[in-house]
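A quick write-up on the structure given underneath.
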Amino acid sequence: NSTATYKVKKSDVPADAVTSSGSGLDPDISPDYADLQVHRIAGKNHLSVAQVQKLVDEHTEGRVAGFMGEPRVNVLELNIALKGLVAKS
């Protein structure tokens, strides 16, 4: 997820980046894992980091009932929104 202008340090890699299923079909990822990918996704799609970060923030869901589980990013909904944004630009 490093780019020419943004370097990811090993210490910045969240646990779910290395422990998620090998299928790549996990419905959600942690906000930290999504944030880690923002610079790469922005560059690949010719968008600003701010545009992609806004999408991540908009698709981050909080804890269930305010206290159960962990915050998560809905990957499917985020990818659909990203595709729509790319089509507009």
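The values are calculated or read from the model by the stated rules, or taken from the named source; none is laboratory data. What you see is a predicted model; the values in this text were computed from it and never measured. Because the Cβ atoms are built from the backbone with ideal geometry, glycine has one as well, and the counts that use them run over all protein chains shown. All accessible areas refer to the heavy atoms of the entire protein, side chains included, with ligands and DNA or RNA removed. Shrake-Rupley method; radii C 1.70, N 1.55, O 1.52, S 1.80 Å.
The table that follows gives values for the structure above.
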{"quantity": "Matching residues, segment 10-21, being open to solvent by 60 Å² or more (accessible area, probe 1.4 Å) and among the polar types (S, T, N, Q)", "calculated": "Ser11, Thr19"}
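Residues checked against (1) open to solvent by less than 60 Å² (accessible area, probe 1.4 Å); (2) touching a residue at least 12 places away in the same chain (Cβ under 8 Å):
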site: Thr3; (1), (2): yes, yes
site: Val8; (1), (2): yes, yes
site: Ile29; (1), (2): yes, yes
site: Tyr33; (1), (2): yes, yes
site: Gly43; (1), (2): yes, yes
site: Gln51; (1), (2): no, yes
site: Lys54; (1), (2): no, no
site: Ile80; (1), (2): no, no
site: Ser89; (1), (2): no, yes
